[in-house]
Amino acid sequence: MSSYETPALTAKPLVSGLVIGESPRWHEERLWFANWGTEEIVAVDLEGNAEVVGKGPPGLGWSIDWLPDGRLLVTGQGLMRSEPDGSMVSHTDLSGLGVNDFNEIVVDGRGNIYVNGGADFEPGEGNAPGIIALVTPDGSVRRVADGIAFPNGMVVTPDNSTVIIAESFARRLTAFDIADDGGLSNRRVWADGVGPDGICMDAEGAIWTGVGEFGDNLVGRVREGGEVLERVQLDMPCFACMLGGDDGKKLFMLVADWRMSESPVDNIARLTEGPRTGGVLTAAAPAPGAGWP
């Protein structure tokens, strides 16, 4: 087990009985998230009152965020958008990007949409297959980064100057500069030796992410360079973190048992069937959330 000479925060339960919660977002005074395995989008208040507020795609690996005008976006086999009447329509065509499934999404302060895909559990030898794509407000689509080792959570800094992505299989957070046209450049390691999945940023520029080795079940507040400033010890893996609450200083952690098999064909069933171990935990954070999402 890993250990850190850093302050330890205490986690408290908020919601239980989920399959796998992912893509948490603080929106309209509630925590919204994808409940994988149920095709549900769920919102929960600070008292733990949960409501199914929308429908997501089947299976795993989809996420949510909002356009500046408040319409909901959902990833999966493409990029869908919820209309005011509740219908789901295609937001734009991603078929030319060279990957079939899209995982995480973040909409920055200028309305640019970043989606990633190519999260392959068995990528084989050679270059990592993950990509980041940009969808601009006028609907144009282009690939802006590739060679991402299992792309996962992304954050954009409050000044819209930097996007940071979790490369789960490389165990690192990777940063890119954002150009005026939304393109990405100056790829660099932001923090190495972490265990990132879904991530969030606070107002002091630190990122909440998984840390330690697989099985340590640790969430840490990490500054650029990799120093762990605070940590939370959990009983099972954390799939994603988000800051929110009345003052922005409540840390939400979406946890679930990780029941994987040796055969990827069986993994969806193993993860989504059986006991519903998923839940949302909270802890008091030292700084409020910042940036996007």
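Read-outs: derived from the displayed coordinates by stated rules, not from any lab. All of these numbers come straight from a predicted model, not from anything done at the bench. Neighbour counts are summed over all protein chains in view; Cβ atoms, including those assigned to glycine, are modelled from backbone coordinates with ideal geometry.
Within region 185-233, the GluC sites (Glu not before Pro) that combine a DSSP coil assignment with at most 13 other C-beta atoms in a 10 angstrom radius are 204, 213, 227.
Classify region 1-148 from the C-alpha gyration tensor, please: rounded if a/c falls under 1.5, else prolate or oblate depending on whether a/b exceeds b/c. Taking the square roots of the gyration eigenvalues as a ≥ b ≥ c, region 1-148 is oblate. Its Cα centre serving as origin, the chain has a Cβ charge dipole (Lys and Arg +1, Asp and Glu -1) of approximately 140 debye. Ranked by the mean number of other Cβ atoms within 10 Å of their residues, highest first, the peptides 67-78, 282-293 fall in the order 282-293, 67-78. For region 24-107, a simple Cβ point-charge model (Lys and Arg +1, Asp and Glu -1, everything else neutral) yields a dipole of about 200 debye relative to the Cα centre. Under 27 Å of direct C-alpha separation, and excluding same-chain neighbours fewer than eight residues apart, residue 12 reaches these lysines: 249, 250.
Here's the picture: charge each Lys and Arg Cβ at +1 and each Asp and Glu Cβ at -1 in region 1-90, and of 67, 44, 34 the one pushed furthest to the positive end of that dipole is 34. The order of the peptides 85-98, 143-156 by mean Cβ neighbours within 10 Å, most packed first, is 143-156, 85-98. Using alpha-carbon positions, what is the distance between the centroids of region 235-258 and region 207-223, in Å? With region 235-258 and region 207-223 each reduced to a Cα centre, they are spaced 12 Å.
Taking a ≥ b ≥ c as the square roots of the eigenvalues of the alpha-carbon gyration tensor, the chain is classed rounded because a/c is under 1.5. Given the options 176, 88, 238, identify the residue whose Cα lies farthest towards the positive end of the charge dipole of the chain (+1 on Cβ of Lys, Arg; -1 on Cβ of Asp, Glu). Going by the charge dipole, the pick is 238.
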